[in-house]
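See below for the structure under consideration.
The values are calculated or read from the model by the stated rules, or taken from the named source; none is laboratory data. Keep in mind it's a predicted model, so treat the numbers as computed, not measured. Cβ atoms come from the backbone with ideal geometry, glycine included; neighbour counts cover every protein chain shown. Each accessible area value is taken on the protein alone, full model and side chains, heavy atoms only, with ligands, DNA and RNA left out. Shrake-Rupley method; radii C 1.70, N 1.55, O 1.52, S 1.80 Å.
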Amino acid sequence: MGLLEFIKDYFLGFWDYETPKVMVVKNQKLGVIYRGVQFLVITYFIWYVFISQKAYQDSETRPESSVYTKMKGTALQGDHILDMVEYVRPSEGGDVISTILRREVTHNQRQGTCAEHFTVPRANCSKDADCISGEVNFDGNGQRTGRCVPYYNQTFKTCEIQTWCPIEDYAAIWEPALAEAINFTVYIKNAIHFPKFKVLRGNIKPNKRNGQKYLNKCHYNEKKHPYCPIFRLGYIAEQAREKFSELCRTGGVIGVFINWKCDLDLDPSECTPTYSFRRLDLRKNLPSSGYNFRFAKYYSKDGEEFRTLIKAFGIRLDVIVHGHAGRFSIIPTIINTVTAMTSVGICSIICDWIMLTFIDKNDIYSDRKFDDDSKVPSPSQLLTVPTEFTISYGSNHSDLSEGVAL
């Protein structure tokens, strides 16, 4: 029976209507808390939501972008002059471009048989039986022939392999780094399109008269030359907090970040990019740290094919474009304004909880705050009461400034 009564009361209570009751509490501490929370909420929405985050704008964060890069500079290596054709990969440019700072060169390689390098696992031998014919060690340089031969001009022996001989680990020559590369320049041309707002911007200021002459003489400077996207490699390494000499030794990958943050409520000419640089690969002394790649130059001599193998260490630049544009729109303005007005109601909830939990020790406030009309005498019952009373219609405010110990 108790369970049925509980279910019945819950079902009937579900259809009850609740309306807030305004109660004035003359308590300075509670009033300070209430106004303080109100101030924090209003300040958050005005300063952070509307001013800082521009919540009154419609925004676009996935623009269309194109990048074109080109590197210039010459360097002297011995008696040879190296230009961009020699040290730039790929030559056509794009959002990834690399420059060679140091090379390890193996000359006059040709197809044949020669001794495997002694650091390769199971390459050292004393007789032919130690070498398995046809075996390929993926840490090695070629396919084994099954013979055990002297290691070039040394006294010990290693397994013979069929490959490009002589092998790189034995015959590579380390060339000095290109010290002049610190003054090489890279030209980064970027165009960005915000299709939602039909706005197209570029990082080069249009100048029909002296545009090309200006670009031939300028280098990027955030204050003096913001529309000159030509950067020295030394400047890029400095901004990425890297030593150029260390990059020459091991190579490295540096990210060039182009950030477009455009307020389209202003003139479109105010939409200009900012640049930042950061090392992307691991700096620790790991086998995978740094940046290097191999390529070969092939030629024929006396009808036989030869090649020069080059292991190049350098800087790879990855150009990464981020874009964000915003313009005033009535819909996000209304949504965020209503959210702000609604959030102010949190102040009353917090203060009610403080009042009923920490201040209302004798249930004085709760008795005044919560009324149940089911306990109010009916009109027929009021007529039987001999005492006089007055019913006034007006404000439903309750003032607890008198008779309540706070």
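Here is how the numbers come out for the structure above:
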| item | result |
| --- | --- |
| Among 141, 56, 200 the positive-end extreme of the charge dipole of the chain (Cβ point charges) | 141 |
| Choice from 129, 177, 55 showing the highest fluctuation, given a GNM over the chain with Cα pairs closer than 10 Å | 129 |
| Carbon and sulfur %, accessible surface of the range 227-340 computed with the full protein complex present, 1.4 Å | 53 |
| Probe 1.4 Å, all protein chains present, accessible-area order of 84, 355, 23, largest first | 84, 23, 355 |
| Solvent-accessible area per residue, Å², over the range 20-135 with all protein chains present [probe radius 1.4 Å] | 61 |
| Value of relative contact order over the range 117-166, rounded to a whole percent, pairs C-alpha under 8 Å and six or more apart | 35 |
| Highest-MSF residue in the chain out of 15, 47, 174 [GNM, Cα springs under 10 Å] | 15 |
| Relative contact order (%) - criterion: Cα under 8 Å, at least six apart; region: the range 1-126 | 11 |
| Exposed GluC sites (Glu not before Pro) absent - longest run of the chain, DSSP non-H/G/I/E/B, at most 13 other C-beta within 10 Å | 223-387 |
| For semi-axes √(5λ) of the Cα gyration tensor in Å, calculated from these coordinates, the label among (i) 56, 26, 19; (ii) 80, 34, 18; (iii) 69, 35, 14 | (ii) |
| Cα centroid separation - the range 115-170 against the range 207-281, whole Å | 49 |
| Candidates 307, 35, 279: whichever shows maximal mean-square fluctuation once the chain is modelled as a Gaussian network with Cα springs under 10 Å | 35 |
| Heavy-atom surface of the range 220-334, accessible at 1.4 Å and reported per residue (Å²) | 56 |
| Isolated Cys in the chain, by beta carbon distance under 4.7 Å | 248, 347, 351 |
| HN-Hα J in Hz across the range 67-79 - Karplus 6.51, -1.76, 1.60, θ = phi - 60°, x for Gly and Pro | 9, 10, 10, 8, 10, 9, x, 10, 9, 9, 10, x, 9 |
| The chain - charge dipole about Cα centre, Lys and Arg +1 at Cβ, Asp and Glu -1, debye rounded to 20 | 2140 |
| J(HN,Hα) series, the range 329-341, from Karplus relation 6.51 cos²θ - 1.76 cosθ + 1.60, nearest Hz, glycine and proline x | 9, 5, 5, x, 5, 5, 4, 6, 5, 5, 4, 5, 5 |
| Length-normalised contact order of the chain in % [C-alpha pairs under 8 Å, at least 6 apart] | 22 |
| Sequence-distant residues sharing a close amide H with residue 184 (under 5 Å, placed H) | 233, 234 |
| Phi-based couplings in Hz for the range 161-174 (Karplus 6.51, -1.76, 1.60; Gly and Pro marked x) | 10, 9, 6, 7, 10, x, 6, 4, 4, 9, 9, 5, 10, 7 |
| Spherically averaged projected area in nm², based on the convex hull that wraps the Cα atoms of the range 117-166 | 3.1 |
| Distant-in-sequence amide H partners of residue 55 (H built 1.01 Å from N, under 5 Å) | 50 |
| Accessible surface of the range 117-166, 1.4 Å probe, proportion on carbon and sulfur as whole % | 50 |
| Helix-only CD estimate at 222 nm, as mean residue ellipticity for the chain, using -39500 (n - 2.57) per DSSP H run (n ≥ 4) | -6000 deg cm²/dmol |
| Interchain or long-range residues, amide H under 5 Å from residue 281's placed H | 253 |
| Local electrostatic count at residue 64 - Lys and Arg +1, Asp and Glu -1, tallied over other residues with Cβ under 14 Å | +2 |
